[in-house]
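Each reported figure results from applying straightforward, stated rules to the coordinates on display, with no laboratory input. All of these numbers come straight from a predicted model, not from anything done at the bench. As a convention, Cβ positions derive from the backbone with ideal geometry for all residues, glycine included, and neighbour counts pool all protein chains shown.
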Amino acid sequence: MVEEESAISLNFSILQDFFDCAYRFKLSMFYGFVQPIAAAMGYGNAVHNIVRNIHKKYLDGESLTSEEVQSIVEETFFLPYANSKMEQNMLASAKKSVDSYFQKNKEDFKNIEMAEADIELDMGDGIKVNGRIDLVKRREISGEEKITIVDFKTADRDVTECLEAEQLRIYALGYQELTGKSADYLEILNLDNAESDRVRVTEGLTETIAQDIRNAAKNIRANKLDKKCSKEKCSTCYLNYLCLSKEEKKTYVE
Ligand code: SF4
């Protein structure tokens, strides 16, 4: 008799946590050591919600003036953990970032194919993955129409570093599952500093990420969640005080 595997439901950010460091994934998902709440928490989400509301208007065939965009920022912006002074400062940053994004991209909004698209992937063997793609747009490159999946970041995230993240590749797989078409480019756009970078979707990329997801599910089921130590990851990890031995702290943090 073939024993059935237990169902496992993952999402894009859970998987990114797993790929970053499987042991951190274990400490947060299995034992509840989640990231401590910071006053500025929610800023990224708030700005994402604002640009989503702008994109949706264009998808519905409407267009917006700069003043209407500023009203959307004011109506949508919400920071649950900040005091009012901090909230006002961050609202001012959000207004500036969104205005600069709007001015730079408004002519291109007619080319939006999807905004905040929900994806559910059935990977077989009881593995489901869900998540949301920020934006998909058509773009003419060298006379040909190309599909670009855009992921928004905020704050001091390095766009080139984010391009390396598996999460972005999962989007390519998600888009393919949803539409039956292949995306051509994956792009990261930092809304706070307007920096962006993109990579081409290479042949075999979606098959590779599908295999990575299956391997991740296999390791999670088997509780094979090992530390992935490196100076870069551990020195900024909010769980390094709990996770690392004295020797490891000397090597990766001090
Ligand atoms: S300190 Fe390093 S090894 Fe430990 S959970 Fe964090 S990233 Fe992983």
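Residues that are assigned to a helix (DSSP H, G or I) and touching a Phe, Trp or Tyr at 6+ places or on another chain (Cβ under 9 Å) were ranked within segment 233-254; the one that is nearest to Asp122 (Cα to Cα) is Lys233. Out of Ala82, Ala94, Ala46, Ala115, I need the residue that is touching a strand residue (DSSP E or B) at 6+ places or on another chain (Cβ under 6 Å) and in contact (Cβ under 8 Å) with a residue 40 or more places away in the chain. Which one? Testing whether each residue is touching a strand residue (DSSP E or B) at 6+ places or on another chain (Cβ under 6 Å) and in contact (Cβ under 8 Å) with a residue 40 or more places away in the chain leaves just Ala115.
Here Cys234 passes the criteria (1) closer than 30 Å to Glu144 by Cα; (2) within 16 Å of the ligand (Cβ to nearest atom) except the one numbered (1).
If you go through segment 96-155 one residue at a time, how many are within 14 Å of His48 (Cα to Cα) and among the hydroxyl-bearing types (Ser, Thr, Tyr)? So the count comes out to 3.
Among the numbered conditions (1) in contact (Cβ under 8 Å) with a residue 40 or more places away in the chain; (2) surrounded by fewer than 15 Cβ atoms within 10 Å (Cβ to Cβ); (3) part of a helix (DSSP H, G or I), the only one that Tyr175 does not meet is (2).
Taken together, the criteria place Ser182 among residues that are surrounded by fewer than 17 Cβ atoms within 10 Å (Cβ to Cβ), over 16 Å from Asp20 (Cβ atoms) and touching a residue at least 12 places away in the same chain (Cβ under 8 Å).
Residues in segment 66-83 include none that are surrounded by fewer than 18 Cβ atoms within 10 Å (Cβ to Cβ), under 24 Å from Asp212 (Cβ atoms) and not polar (S, T, N, Q).
Quick one: is Tyr43 of a type in the set (Phe, Trp, Tyr), closer than 22 Å to Gly131 by Cα and more than 16 Å from the ligand (Cβ to nearest atom)? Here the answer is yes, as Tyr43 does meet what is asked. Within segment 192-227, the set of residues being loosely packed, with under 11 Cβ neighbours inside 10 Å, free of Cβ contacts under 8 Å to residues at least 40 places away in the same chain and not in a helix (DSSP H, G or I) comprises Thr202, Glu203, Gly204, Ala222. Evaluating Leu79 against the criteria (1) in a loop (DSSP other than H, G, I, E, B); (2) within 16 Å of the ligand (Cβ to nearest atom); (3) of a type outside the set (Ser, Thr, Tyr); (4) touching a helix residue (DSSP H, G or I) at 6+ places or on another chain (Cβ under 6 Å) leaves one unmet condition, (2).
The residue pairs whose first member lies in segment 19-36 and is within 11 Å of Leu225 (Cβ to Cβ) and small (Gly, Ala, Ser), whose second member is within 8 Å of the ligand (Cβ to nearest atom) and part of a loop (DSSP other than H, G, I, E, B), and whose beta carbons are closer than 7 Å, counting only pairs six or more residues apart or on different chains, are Ala22/Lys228.
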